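> Once you've had a glance at the structure underneath, I'll fire off some questions.
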Amino acid sequence: MALEIIRGLENVTKEYHNAIITLGNFDGVHAGHRRILQRVKAAAEHAEGTSIVITFDPHPVKVVNPQKGLKILTPFEIKAELVEKTGMDVLLCIDFNKEFSSIAPDYFIEEILLKRLRASHIIVGHNYRFGKGKKGSTDVLRRRAAKFGFKFNVVRNVTRCGNVVSSSSIRHLLTRGDVVEAHELLGRPYFIQSQVITGTGRGKTLLQTPTANLSLPDELVPKPGVYVVRATVEGVSYDAVANIGTNPTFGGEHTAYEVHLFGYDKNLVGKTIRVYFIKRLRDEKAYPSPDDLKAQIVKDIARAKEILAATPA
């Protein structure tokens, strides 16, 4: 059964039987998030009810603390795709704005979760906070559950190598270029989806290595450098290498995001590519000449092919 996606509380037009609800940002839909969603799905199946995921767009930090410059892991469309794969019934995306951020926790529980959505069971992650000033907590939900008669459960954090899996820890790893460890916490390779734009043409004409130049997406881009990646175009997967950086050999100043797909020689401009980061090869650096850079690219491609040959698709 396909995931029902609702954008905006005002578009909730029906009642859901035995609504089992979880709520959060779910940025990245990482291993910890999926444990929560699995619990929700199991509870909904047991109660013959409806599993509902509530999330927010834009990310609340972008509204209440915009100066932080938060880069997200998954834009809403990707988040919805990943949530659907977990088998949830409904994804409700609430428009997060200044007005919504001022809602008191009790109002949110009573008017939205109980009256509007008819929650019979609420499941959240450890230390979940909500409402004005983040005054809503798991303790508040537990007390209101006793008062109003709905079920309430908290799902423990997922840990990897002694560290709690969280969206912030994944962001930190990606800014270091550690895409392998980020994969561990996400439970999948980190990926970015973007559209191919017209570039300088230098890769094909000067370096004999044609690249797809991508528009920089809104989500977090890993640390500049050269990466082993896989890329999908129109549903077909290709082994590839990617470079994120300023092309210092040519005196570049602006960050570029380029991907070379092995064995692909068609025009990609205007197409959408999804790039999965497998491993970081090296830092970007300035070479004495284009020929030196070309020789390094040949080595990068050979090394990438070795790594990808040993990495399951």
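> Quick one: what pairs do we get from region 220-237, first residue in contact (Cβ under 8 Å) with a residue 12 or more places away in the chain, second outside any strand (DSSP E or B) and among the aromatic types (Phe, Trp, Tyr), C-beta under 8 Å, 6+ apart or different chains?
Pro222/Tyr190; Val233/Tyr264
> Among the numbered criteria (1) part of a strand (DSSP E or B); (2) at pLDDT below 95, which one does Phe277 miss?
Among (1) part of a strand (DSSP E or B); (2) at pLDDT below 95, the lone unmet condition for Phe277 is (2).
> Also, quick follow-up: If the requirement is being surrounded by fewer than 17 Cβ atoms within 10 Å (Cβ to Cβ), of a type in the set (A, V, I, L, M) and not assigned by TED's automatic domain parsing to the domain that holds Phe76, which of these qualifies: Ile244, Ile197? Reasoning before the result, please.
Values: Ile244 fails: surrounded by fewer than 17 Cβ atoms within 10 Å (Cβ to Cβ).
After applying the criteria, what remains is Ile197.
> Which of the residues spanning region 299-313 are assigned to a helix (DSSP H, G or I) and surrounded by 13 or more Cβ atoms within 10 Å (Cβ to Cβ)?
Answer for region 299-313, where residues must be assigned to a helix (DSSP H, G or I) and surrounded by 13 or more Cβ atoms within 10 Å (Cβ to Cβ): Asp300, Ile301, Arg303, Ala304, Lys305, Ile307, Leu308.
> Could you list all residues from region 26-52 that are charged (D, E, K, R), part of a helix (DSSP H, G or I) and touching a residue at least 12 places away in the same chain (Cβ under 8 Å)?
Kept after step one, since they are charged (D, E, K, R), are these residues of region 26-52: 27, 34-35, 39, 41, 45, 48.
From what is left, the residues that are part of a helix (DSSP H, G or I) are 34-35, 39, 41, 45.
Across region 26-52, the qualifying residues are Arg34, Arg35, Arg39, Lys41.
> Can you tell which of Ala304, Ala295, Ala256 is of a type in the set (A, V, I, L, M) and within 24 Å of Glu184 (Cα to Cα)?
Ala304
> Within region 67-99, which residues are touching a residue at least 40 places away in the same chain (Cβ under 8 Å), out of contact with any helix residue (DSSP H, G or I) (no Cβ under 8 Å at 6 or more places or on another chain) and assigned to a helix (DSSP H, G or I)?
Scanning region 67-99 gives Ile78, Lys79, Ala80, Leu82, Glu84.
> Cys93 passes all but one of (1) touching a Phe, Trp or Tyr at 6+ places or on another chain (Cβ under 7 Å); (2) farther than 27 Å from Pro189 by Cα; which number fails?
(2) is the only condition that Cys93 fails.
> Look at Val228 and say whether it is in the same structural domain as Phe262 (by TED's automatic domain parsing), at pLDDT 95 or above and either farther than 23 Å from Ile297 by Cα or outside any loop (DSSP other than H, G, I, E, B) (or both). Talk me through it step by step, then tell me what you get.
Numbers: in the same structural domain as Phe262 (by TED's automatic domain parsing): yes; at pLDDT 95 or above: yes; either farther than 23 Å from Ile297 by Cα or outside any loop (DSSP other than H, G, I, E, B) (or both): yes.
Yes, satisfied.
> Can you report the number of residues in region 61-102 which are more than 25 Å from Ser194 (Cβ to Cβ) and of a type in the set (Ser, Thr, Tyr)?
Residues in region 61-102 being more than 25 Å from Ser194 (Cβ to Cβ) and of a type in the set (Ser, Thr, Tyr): 2 in total.
> Could you tell me which numbered condition Tyr190 fails, if it satisfies all but one of (1) buried (at least 17 other Cβ atoms within 10 Å of the Cβ); (2) modelled with pLDDT under 95; (3) of a type outside the set (D, E, K, R)?
(2)
> For region 70-88, which residues satisfy the criterion of being within 16 Å of the chain's Cα centre (by Cα) and of a type outside the set (Val, Ile, Thr)?
Hits for region 70-88 are Leu70, Lys71, Leu73, Pro75, Phe76, Glu77, Lys79, Ala80, Glu81, Leu82, Glu84, Lys85.
> Report yes if some residue within region 135-152 is in the same structural domain as Gly49 (by TED's automatic domain parsing), of a type in the set (Lys, Arg) and touching a helix residue (DSSP H, G or I) at 6+ places or on another chain (Cβ under 6 Å); otherwise report no.
yes
The values are calculated or read from the model by the stated rules, or taken from the named source; none is laboratory data. Bear in mind the structure is a predicted one, so any value in this text is a computation, not a measurement. With ideal geometry, Cβ positions are generated from the backbone for all residues, glycine too; neighbour counts draw on all protein chains shown.
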